[in-house]
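Reading through the structure tokens given below for one structure.
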Amino acid sequence: MARESTHLMQLPAGFLRQHLIDPEMCARCNSCEEACTRQAITHDHRCYAVDVERCDERMDCIRGCSTGAIDNWRVVSTTSLYTVEEQQGWHELPPPLPLPTGAEAPAVRDALVQAGRRPHAPASSATPAVGLFTHDHPGVAIIVANAPLTAPDDGAEVRHVVIRFDERPCPVLEGQSVGVIAPGFDAQGRPHHVRLYSVASARDGETPGAGDVAFTVKRVLHDHQGRPVRGTCSNYLCDLPIGSRLRVTGPVGETFLMPDEPGASLLMICTGTGIAPMRGMIQRRLRLPRQADGPLVLFYGGRTPRELPYRDELDRLPIDFVDAHYAYSRVPGRPRHYVQDLLRQQSELIARFVLRDRCYVYLCGLQGMERGVHDAFIDILRAAVADWDQLLPQLTSEGRYHVEVY
Ligand code: NAP
């Protein structure tokens with residue numbers, strides 16, 4: 001039997017605050033399911049859901065979710081709780097029901113932010129627009145560019161795709177994501193779910209003032225055995241010719257945002273297509289007056305220089321604009337080298353940065369990198385006579401540490 005009240009909200013008997021995952025915002029990265037020690041989170045081939053009978057509201061799942069999909073609640077009667085099967089059939093969350101008489105509005109978010117357990121936007125960041133378009137009421141966009149960033153070898157290719165919103169504008173900030181709905185139906189005959197892509201351009205557009213939005217899209221062409229593989233949405237996007245119309249949702253993301261304060265420095269750590277939000281932030285900085293900027297430092301890991309999206313573009317930046325460091329894991333004849341190795345090599349720089357008031361840290365890319373980077377921070381901070389495990393909640397609560405790993 002599910003609990004009837006929680007320590008976070010006063011509810012009359014017979015009501016429950018049910019934890020739900022927003023299917024439109026969910027990146028399907030599995031971080032919540034991995035973090036939940038109660039096995040309360042589960043997924044089928046398209047949706048994540050919370051089993052209300054198992055959820056004990058420890059909220060270990062909150063920190064790893066970069067889109068905010070995990071942070072959704074509905075006050076429901078205990079006789080009409082949403083089942084896992086029901087949740088897995090949703091495209092979007094049901095509308096909130098009116099609060100029952102006697103319920104106190106929750107201050108849950110504030111409490112979690114203060115404890116450094118919930119991601120938090122920099123205090124100075126611009127206010128993001130979210131959810132202007134939904135699965136049931138999508139926006140329409142037009143493809144204005146679609147070009148390869150890497151050669152289609154090693155079984156995958158990465159493309160730079162630029163869209164322009166048609167009919168209605170859609171303001172986005174660097175670090176937010178936009179959803180794309182591939183046409184057609186899945187194997188169960190249900191419409192495809194939304195696939196999120198990080199915005200890879202600045203807020204004023206890929207072309208300054210145009211309001212268009214760039215994505216960095218990777219499609220896998222072969223599996224490890226060399227058999228052809230065709231993912232649904234990335235494949236759809238990569239094949240769309242210029243002028244095609246597509247359905248979009250969002251924007252999503254309220255925390256992985258740039259500070260808007262003079263002197264703020266950005267420490268950006270990414271692998272592969274995780275460069276997308278960093279490119280947006282660098283583009284934004286390029287268009288701001290130089291004197292307002294703090295330093296930009298980039299640690300970027302990929303298999304080979306050829307497979308690193310935007311490597312050429314980064315090389316063409318003005319000298320000293322970004323302090324860029326690269327790690328390559330599959331250069332023939334060379335030992336494997338990863339971003340966390342680079343961090344350790346630059347330990348003095350890293351310690352100086354994260355201990356500075358105005359440094360904001362961004363981590364984006366493969367899920368496995370988070371652990372490696374975390375361990376590197378522990379070692380680096382220990383050598384600087386500081387404690388990463390104490391610093392991390394502080395950075396998180398100050399909106400200075402942001403993770404988006406899938
Ligand atoms: P990838 O090419 O497969 O890998 C990039 C580099 O990361 C390789 O050098 C790889 O080394 C290395 N790596 C693998 N495991 C690692 C670990 N545990 N710690 C540190 N480095 C590690 O990367 P990708 O396919 O582009 O994937 C990027 C990820 O970013 C995806 O999960 C994607 O979903 C996510 N992402 C994408 C976007 C977007 O908008 N496109 C936005 C946000 C996040 P090996 O050679 O050993 O494999």
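The values are calculated or read from the model by the stated rules, or taken from the named source; none is laboratory data. Values in this document were obtained by computation on a predicted structure and should not be read as measured data. So basically every Cβ, Gly included, is an ideal-geometry build from the backbone, and we count neighbours across all protein chains shown. The protein model used for the area step is the full one, side chains on, heavy atoms only, and it has no ligands, DNA or RNA in it. Shrake-Rupley method; radii C 1.70, N 1.55, O 1.52, S 1.80 Å.
Summarising the strand pairing of the chain, around 65 percent of its internal DSSP beta bridges are antiparallel. Within the listed set Leu81, Leu298, Leu266, the Gaussian network model of the chain (springs between alpha-carbon atoms below 10 Å) gives the highest mean-square fluctuation for Leu81. Note on the chain: with charges restricted to the Cβ of Lys and Arg (+1) and Asp and Glu (-1), its dipole about the Cα centre is near 700 debye.
Using the Stokes-Einstein relation with a Kirkwood hydrodynamic radius computed over Cα pairs, the translational diffusion coefficient of the chain at 37 °C and a viscosity of 0.692 mPa s comes to 147 µm²/s. Helix-only estimate, please: 222 nm mean residue ellipticity of the chain, summing -39500 (n - 2.57) across DSSP H runs of length 4 or more and dividing by its residues, to the nearest 500. Computed ellipticity for the chain at 222 nm equals -5500 deg cm²/dmol.
Ordering Phe299, Gln225, Ile282 by Cα displacement along the dipole of the range 200-328 toward the positive end leaves Gln225 in first place; charges were set at the Cβ atoms of Lys, Arg (+1) and Asp, Glu (-1). Rolling a 1.4 Å probe across all protein chains gives Ile41 an accessible area of roughly 10 Å². Rounded to the nearest 0.05, the FRET efficiency derived from the C-beta distance between Ala386 and Thr232 at R0 = 60 Å is 0.85.
Residue farthest toward the positive end of the dipole of the range 265-405, with Cβ of Lys/Arg at +1 and Asp/Glu at -1: which of Ile269, His402, Pro309? Comparing the listed Cα positions along the dipole, Pro309 ranks first. Heavy-atom accessible area, probed at 1.4 angstrom with all protein chains present, ranks Leu99, Leu246 as Leu99, Leu246, highest first.
Could you please state how large a percent of the accessible area of the chain is carbon and sulfur, counting protein chains only and using a 1.4 Å probe? Of the solvent-accessible surface of the chain, carbon and sulfur hold 51 percent. The share of C-alpha pairs in the range 45-88 whose separation exceeds 14 Å stands at 57 percent.
Quick check for me: using +1 on Lys/Arg Cβ and -1 on Asp/Glu Cβ, what's the dipole size of the range 23-90 about its Cα centre, in debye to the nearest 20? Please list the in-between numbers first.
Values: 7 positive and 12 negative charges, 27 e Å.
Approximately 120 debye in magnitude.
When +1 charges are put on Lys and Arg Cβ atoms and -1 charges on Asp and Glu Cβ atoms, the dipole computed for the range 265-405 relative to its Cα centre reaches about 420 debye. In this structure the chain gives 45 Å² per residue of accessible area when probed at 1.4 Å with all protein chains present. Comparing Ala121, Ala35, Ala13 in a Gaussian network model of the chain where C-alpha atoms under 10 Å apart are linked, the largest mean-square fluctuation is found at Ala13. Applying both filters, DSSP loop and at most 16 other Cβ atoms within 10 Å, to the trypsin sites (Lys or Arg not before Pro) of the range 286-355 gives Arg287, Arg316, Arg330, Arg336.
Which shape class applies to the range 144-249: rounded if a/c is under 1.5, otherwise prolate when a/b exceeds b/c and oblate if not, where a ≥ b ≥ c are the square roots of the Cα gyration tensor eigenvalues? Cα axes put the range 144-249 in the oblate bin.
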